[in-house]
1. Show which aspartates and glutamates lie in cross-link reach of Lys22 when reach means a straight Cα distance below 18 angstrom and same-chain residues fewer than eight apart are skipped.
2. Could you grab the relative contact order for the chain? Cα pairs under 8 Å, six or more apart, rounded to a whole percent.
3. Nearest 10 degrees is fine. How inclined is helix 32-58 to the longest principal axis of the chain, computing both from alpha carbons?
4. Note the angle between two axes, namely the Cα long axis of helix 72-101 and the longest principal axis of the Cα atoms of the chain, as a number of degrees from 0 to 90, rounded to the nearest 10.
5. Taking the chain as the reference, fit the longest principal axis to its C-alpha atoms, fit the long axis of helix 3-29 to the helix C-alpha atoms, and give the angle between the two in degrees, 0 to 90, nearest 10.
6. On average, how much accessible surface per residue is there in region 1-49, in Å², for a 1.4 Å probe, leaving out ligands, DNA and RNA?
7. Please state, rounded to one decimal and in Å, the Kirkwood hydrodynamic radius that the chain gives when every pair of distinct Cα atoms enters the mean of 1/r.
8. With a 1.4 Å probe and all protein chains left in place, how much of the accessible area of the chain comes from carbon and sulfur atoms, in whole percent?
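The values are calculated or read from the model by the stated rules, or taken from the named source; none is laboratory data. Predicted model, so just to flag it, every value in this text is computed and none were measured. Positions of Cβ are backbone-derived with ideal geometry, glycine not excepted, and every protein chain shown enters the neighbour counts. The area values use the complete protein model at the heavy-atom level, side chains included, leaving out ligands, DNA and RNA. Shrake-Rupley method; radii C 1.70, N 1.55, O 1.52, S 1.80 Å.
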Amino acid sequence: MTRKTRAALVSVCSNITLIIMKIFAGILSGSVSIISEAIHSAMDLVAALIALVAVRKSDIPPDQHHPYGHDKIENVSGVIEALLILLAAGWIIFEAVGKLIT
């Protein structure tokens, strides 16, 4: 297992732990902001899983169909992660505006 793969696995595990803790705290306290942080952490988990897959794929050596290797998949995963962050931000804003109105 490469160093990058271990780092991605640590990110996945830490995000799972954070999500569980934030959901528990949000439900107990009734805090919308803590629950929104749990949503944000869930998006981080998806991004970490994408990064884990990308790191594993990028370690594959060049082959007939990819003579220069598979490194570009990490760039693609970065774009996907950025889109997920924008999605999470939009969702949080939508929920916050709904709470402010009511």
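1. Hits, sequence-local ones excluded: Glu37, Asp44, Glu95.
2. Working: 81 pairs, mean separation 25.1, N = 102.
Dividing the mean separation by the residue count of the chain yields 25 percent.
3. Once rounded, one gets 10 degrees.
4. Its long axis makes an angle of about 10 degrees.
5. 10 degrees
6. Spelled out: the 1.4 Å probe surface of region 1-49, per residue, equals 62 Å².
7. 15.3 Å
8. 72 percent
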